[in-house]
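The structure appears below as structure tokens.
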Amino acid sequence: MSGKVTVPRIRAMRAQGERIVCITAYDALFGRLADEAGADLVLVGDSVGNTLLGYENTLPVTLDDIVRHTRAVRAGLGRALLVADMPFGSYESGTEDAIRHAVLLIKNGAEAVKLEGNHPDTVAALVAAGIPVMGHVGMTPQHVHRFGGFRIQGRDNAEEVLQAACRLDEAGCFAMVLELIPGDLAARITQSVQCPTIGIGAGPACSGEIQVIYDVLGFSEKTYKHARAFASLRHQSADALSAYVASVRKREFPTEENTV
Ligand code: KIV
């Protein structure tokens with residue numbers, strides 16, 4: 001599909017039954033690769049904490065981290081819509097803080113923000129301030145301590161997750177991530193809300209899918225049921241680096257050819 005992806009375009013894709021392909025990226029290189037591959041929406045996720053910054057979870061990620069990575073991804077994107085995650089601590093204290101922090105992300109290149117959990121008033125305030133918002137329900141990693149771990153949601157609290165999704169939809173979310181919830185609940189939510197639903201570990205009934213780019217490329221150490229590696233770049237990178245180390249040690253590289 002050609003033409004810049006916009007917020008109204010994402011909504012129209014649901015209406016027209018087109019699949020919405022979303023992926024995370026954290027820098028210009030991978031943002032450009034995702035964009036050139038045709039991803040519709042690129043998310044600067046707070047998963048940058050686990051994937052790049054070496055944290056155990058997303059809680060230490062700061063607004064400055066997201067600003068820096070948003071600027072980098074912005075530099076790589078052409079067509080895809082750029083969404084920046086609001087990190088833990090940047091929106092829970094009230095709508096004024098949420099608007100101020102979301103404005104900063106927009107000023108640094110984001111076209112929309114995403115926030116986790118059941119915060120319809122905050123979503124409504126951001127939308128009223130002119131900032132498109134993506135919701136996120138189910139297993140919201142910023143609530144890992146409340147959940148007692150990264151646990152599948154919606155098995156014994158399906159109604160709670162459904163109600164949260166409906167409230168966020170009514171508050172004006174332009175799209176909503178459904179993370180690690182049973183497929184039948186994701187299907188019910190998708191039928192109940194107006195906005196597109198974007199699944200991760202939520203089955204094929206959603207309007208689209210989002211994945212962490214390093215899982216898709218096979219860079220991640222762990223494998224997850226909700227993901228699929230479409231390449232094996234961790235192993236290929238390890239082999240390439242070992243070959244480089246060995247060839248410098250053996251004086252095979254550099255040669256005259258590499259000499260300026
Ligand atoms: O931070 C993130 O990468 C996310 C997606 C996995 C939805 O929230």
ask   = Quick one: in segment 144-191, which of the residues that are assigned to a helix (DSSP H, G or I), touching a Pro at 6+ places or on another chain (Cβ under 8 Å) and over 25 Å from Leu81 (Cβ atoms) is nearest to the ligand (Cβ to nearest atom)?
value = Gly183
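Could you tell me how many of the residues in segment 69-120 are acidic (Asp, Glu) and more than 20 Å from Val7 (Cα to Cα)? It would help to see each step written out before you state the result.
The first filter runs over segment 69-120 and keeps only residues acidic (Asp, Glu), leaving 85, 92, 96-97, 111, 116.
Add one more test, that the residue is more than 20 Å from Val7 (Cα to Cα), and what stays is 92, 96-97.
Final tally of qualifying residues: 3.
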Among (1) within 18 Å of the chain's Cα centre (by Cα); (2) surrounded by fewer than 24 Cβ atoms within 10 Å (Cβ to Cβ); (3) not in a strand (DSSP E or B), the one test that Ala202 misses = (2)
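Considering only segment 206-258, state which residues are among the acidic types (Asp, Glu) and without any contact (Cβ under 8 Å) to a residue 12 or more places away in the chain.
Applying the first criterion (among the acidic types (Asp, Glu)) to segment 206-258 yields 209, 215, 221, 239, 252, 256-257.
Hits for segment 206-258 are Asp239, Glu252, Glu256, Glu257.
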request  = State whether the residues of segment 94-112 include one that is over 24 Å from Ser192 (Cα atoms), basic (Lys, Arg) and modelled with pLDDT of 95 or more.
outcome  = yes
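Does segment 231-240 contain any residue that is away from the ligand (no atom under 16 Å from the Cβ), surrounded by fewer than 17 Cβ atoms within 10 Å (Cβ to Cβ), outside any helix (DSSP H, G or I) and not polar (S, T, N, Q)? So that I can check it myself, show each step before the final result.
So the first thing to find is which residues in segment 231-240 are away from the ligand (no atom under 16 Å from the Cβ), and the list is 231-240.
Adding the requirement that they be surrounded by fewer than 17 Cβ atoms within 10 Å (Cβ to Cβ) leaves 231-240.
Filter once more, so that each one left must be outside any helix (DSSP H, G or I): 231-232.
Checking the rest, the ones that are also not polar (S, T, N, Q) come to 231.
Within segment 231-240, one or more residues are away from the ligand (no atom under 16 Å from the Cβ), surrounded by fewer than 17 Cβ atoms within 10 Å (Cβ to Cβ), outside any helix (DSSP H, G or I) and not polar (S, T, N, Q).
The values are calculated or read from the model by the stated rules, or taken from the named source; none is laboratory data. Keep in mind that this is a model prediction, so the values were computed, not measured. Note: ideal-geometry Cβ built from the backbone for every residue, glycine included; neighbour counts use all protein chains shown.
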